[in-house]
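A quick write-up on the structure given underneath.
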Amino acid sequence: MENKHQVLYVEDNPANMRLVEQLLMTFSNLELIGTETAEEGLEVAQQKKFDLILMDINLPGMNGYEALVELKKMDATKDIPVVAISANALASDLEKGREAGFADYITKPINLQSFFATIKKYLNVR
């Protein structure tokens, strides 16, 4: 059996979580784990080896930018690509995301074509 790619999605909105779960179900070799807060996401990210982290920006408590800083500090997570997913869709938001160190930036509402292209870019999935 081939190894499944492990994806962590940090998202406090249940509807967005369900949408991404459904989108990622199209890939057979992918397992999604979701958390509702950045703090919880950081904890889970240290316990399991993830291939990709999807990070909402506007989270309760610690936001996505703060969580990214923490992920980059930890040996276990510093090399994992982290893709921002946010409703903040201005060019300045995307620029801020790139400058902060996000590997990519997906805007909400999610464009299916660019979402799948981004997932395929970071994971070897069909």
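ILE106: part of a strand (DSSP E or B), buried (at least 18 other Cβ atoms within 10 Å of the Cβ) and hydrophobic (A, V, I, L, M, F, W, C), yes or no?
yes
Among the residues of the range 110-121, write down those that are surrounded by fewer than 19 Cβ atoms within 10 Å (Cβ to Cβ) and in contact (Cβ under 8 Å) with a residue 12 or more places away in the chain.
Correct list: ILE110, LEU112, PHE116, LYS121.
Test of understanding: among LEU42, LEU54, LEU8, which residue is farther than 18 Å from LYS121 by Cβ and among the hydrophobic types (A, V, I, L, M, F, W, C)?
One residue alone meets the criteria, LEU42.
Could you identify the single residue in ARG126, ARG98 that is farther than 17 Å from LEU8 by Cβ and in contact (Cβ under 8 Å) with a residue 12 or more places away in the chain?
Of the residues listed, the single one that is farther than 17 Å from LEU8 by Cβ and in contact (Cβ under 8 Å) with a residue 12 or more places away in the chain is ARG126.
Can you list residue pairs whose Cβ atoms sit under 9 Å apart, with the first residue in the range 68-82 being charged (D, E, K, R) and the second being in a loop (DSSP other than H, G, I, E, B)? Count only pairs 6 or more apart in sequence or on different chains.
Every condition considered, the pairs that remain are GLU70/MET62; GLU70/THR77; LYS72/LYS78; LYS72/GLY101.
Conditions tested, residue by residue: (1) of a type in the set (D, E, K, R); (2) modelled with pLDDT of 95 or more; (3) over 21 Å from ARG126 (Cβ atoms).
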position	(1), (2), (3)
VAL69	no, yes, yes
LYS73	yes, yes, yes
LYS78	yes, yes, yes
VAL83	no, yes, no
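With ASN3, ASN88 as the choices, which residue is closer than 21 Å to PRO109 by Cβ and of a type outside the set (A, V, I, L, M, F, W, C)?
Unique residue meeting the criteria: ASN88.
Cβ-Cβ under 6 Å, sequence separation 6+ or interchain: first residue in the range 19-30 and under 21 Å from PRO109 (Cβ atoms), partner among the β-branched types (Val, Ile, Thr) and surrounded by 13 or more Cβ atoms within 10 Å (Cβ to Cβ). Which pairs?
Final answer for the pair search is PHE27/VAL125.
Out of all the residues in the range 91-102, which are part of a loop (DSSP other than H, G, I, E, B) and either surrounded by fewer than 17 Cβ atoms within 10 Å (Cβ to Cβ) or among the basic types (Lys, Arg) (or both)?
GLY101
Taking the condition of being aromatic (Phe, Trp, Tyr) and within 11 Å of the chain's Cα centre (by Cα), how many residues in the range 1-45 meet it?
1
The values are calculated or read from the model by the stated rules, or taken from the named source; none is laboratory data. Only a predicted model underlies this, so the values are computations on that prediction, with no experimental measurement involved. Cβ atoms come from the backbone with ideal geometry, glycine included; neighbour counts cover every protein chain shown.
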